[in-house]
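Taken together, the values in this text are just the output of simple stated rules run on the coordinates, not laboratory data. As the structure is a prediction and not an experimental result, all values here were calculated from the model. Here the Cβ positions follow ideal geometry from the backbone for every residue, glycine too, while neighbour counts run over all protein chains shown.
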């Protein structure tokens, strides 16, 4: 039943051109970009035929010198200017960085906002800028492959990323000039890649319950999903956004340091050497029982058994998160029909062994664990960009961590609980505690703990202009809206006076709107005309789409939903937009006109939505009658 | 399908409501049961609820509107949020009971309602003591499991009790039962939390 197809391909004046969309897996250690070609997801390679792009950026005095493989080569010689594992810092505050900053060989500084910045030869660089460089490189790879501009991307994030980390990822994409179709949780992306694969195999229409175990370089996620006829419903998710295979390396490196009798305060170069040795040893031990080590002038051996004793504690931590997610989903281990292994760190055989032991079933790993997330994202991008329609695939994801508000006494009142399906909106009413109180501070928090200080602070804002009343008389309604990307919007309104305050939650450690704009302008400064042209082109595409959609909608529904005058008004607005579209070369003018048509047609759109829900319901009721 | 009639009636309806709902241009006035085409009743066929939920989200989820304009996207966001809220309320026994009473203009969501049933309160105190002693018992897992079984059985009984009161239109009694259900639901949550803590040891 398709009741609200505003622009069916057949009704369009001209057939839509195929659009170019990609899925990007922005990883801690490596990143990838994939697209769909003739119905199949495929990872795009660079000119040397390599699929993985190391998530490494090297800086020199005049800026970025190189990204990826070339940058990795500077690891040992120039550690302070070679930034890797930046995903661990994304959306984090300086305080977070201090707790694990010792593990990263960089020097940090903060700006006024408290966002950590890395000291490099090119000056202070934010983790968002480093991530943007990696995204830009991948987008460039795609544009070469398409020989065309990119229309949009689905970017994956760990399911356990909080609001600040998600927003930071989106900001990085904006900075790289990429249109984000959707932020997608990594385990969900993997389930899509496997799920679709599966359904083409046996055309199964029944329900299956899947656990996705995703251990990357620096993050761990687990998601429990139910798959029913193309609908992927996440039941629960959990994890640790600061635990990954890099921690295995670190545990082994720490063992090495002790064996070698080195002091605890290693210099950055020594740190790198030990970490590289540890990583190589870990990989070698996947196939052999022991490995001979030579570091500087030290020689020794590491057995597989000894390595297990070093990393088992870390793996057990991930298994506890699996159990908790099962409990949150209200399921027993035996009810899981499939377990999927994702992420490069699941290549360590010990991980698969312990996961199999927990779930009592052999995990699936038929798809390349490095690629599966990007492939799933590409499949979703293909649908969202509009190349594939009428498809039944749908993702229903959840928020990983509860969202709340600080109340009296520094406590947190949860407004939306973890594992609630998104999108979701909830509101709660609060009141003033002093006579004549005219303002209220709203402190938005995320986390499971009881005390506000133990949770992640997402934003603070004030509702001002409350008319003076006795304590407890004001009614302040605070509404939280989480969209399909898992991003939060908060508004507060005093109900007796209708005073309102609204905030798009910008993390306390993120970039401000202006900061992004100025960075964008900097990066385009030598190509300002180019930027103008691009902005105009974007508005023109938007105007065309709007004219086409509105005319089709009027054609279909004006008679039933609008009176003659309302209909006339919309036609006038459309004609004005057509004229501006044809004559204006200034993108801002066109944007304003689009905005005004959007306003004028809002009521019509609302009625159409309402009508189509009613008729969907009418359909259900009819089914009832037919059955009975 | 009687689509035209449905649209026409919606239209007149939405006009009357337009002035009231300032913050949402969406004038969906259905109650949660109506959204899923279900009768307003305690008994909900779970499979039917699940499949209709999926069907509605397949139509109204924001991802279905990804290539459309900002207005349509926002409306889809609001609609999908409402469908999620309705589903969440109907699938949980406690929330469904609270919602049924809310439709009768009774506020059953406050935790401040205190049951006057002294025997019930005594039993609650004993259960809480039992919960606090689980950690120190010889076999905490067995102790926890037996406690859980007891609380779950009580919860089911309360649900039956609610159904009886509700069907007999004894809404004050039903409200009293909801208060008891809140105790049980909270206790079950704490049992789960403790289970997690025991695993982490």
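Label zone of residue B:199 (point 7 Å out along Cα→Cβ, amide N under 20 Å): in region A:235-270 this covers A:235-244.
For the Cα atoms of chain A, what angle does the longest principal axis make with the long axis of helix A:587-627, in degrees from 0 to 90, nearest 10? With rounding to tens, the tilt is 90 degrees. Peptides A:48-58, B:58-68, A:373-383 ranked from most to least packed, by the mean per-residue count of other Cβ atoms within 10 Å: A:373-383, B:58-68, A:48-58.
Remark: A:550, A:536, A:256 ranked as A:536, A:256, A:550, counting other beta-carbon atoms within 10 Å and listing the fewest first. Available extension along the chain between residue A:124 and residue A:207 is 24.8 nm, counting 0.36 nm per residue and deducting the alpha carbon span. Sorting B:82, A:138 by the number of Cβ atoms found within 10 Å of their own Cβ, with the fewest placed first, yields B:82, A:138. Taking the number of Cβ atoms within 10 Å of each Cβ as an exposure proxy, the fewest-first ranking of A:365, A:322 is A:365, A:322.
The distance between label points at residue A:18 and residue B:152 comes to 5.3 nm (points 7 Å beyond Cα on the Cα→Cβ vector). Placing R0 at 22 angstrom, the Cβ-Cβ distance between residue A:464 and residue A:413 gives a FRET efficiency of 0.55 after rounding to 0.05. Gain on full extension, evaluated as 0.36 nm per residue between residue A:61 and residue A:537 minus their Cα-Cα distance, stands at 167.9 nm.
For chain A, the 222 nm mean residue ellipticity estimated from helices alone, with every DSSP H stretch of n ≥ 4 adding -39500 (n - 2.57) and the total spread over all residues, rounds to -13500 deg cm²/dmol. If R0 is taken as 45 Å, the Cβ-Cβ distance between residue A:148 and residue A:334 corresponds to a FRET efficiency of 0.35.
For chain A, averaging the sequence separation of C-alpha pairs within contact (under 8 Å, six or more residues apart) and dividing by the residue count gives a relative contact order of 14 percent. Against the empirical curve 2.2 N^0.38 Å, the C-alpha radius of gyration of chain A lands at a ratio of 1.04. The stretch between residue A:229 and residue A:578 holds 121.4 nm of extra length on full extension. This uses 0.36 nm per residue minus the Cα-Cα distance.
With viscosity set to 1.306 mPa s at 10 °C, what whole-number translational diffusion coefficient in µm²/s follows for region B:25-91 from Stokes-Einstein and a Kirkwood radius over Cα pairs?
127
Shown here: region B:52-201, whose C-alpha atoms stretch 61, 46, 25 Å along the first, second and third principal axes, sorted largest to smallest.
For residue A:48 and residue A:589, a Förster radius of 41 Å and the Cβ-Cβ distance give a FRET efficiency of 0.35, rounded to the nearest 0.05.
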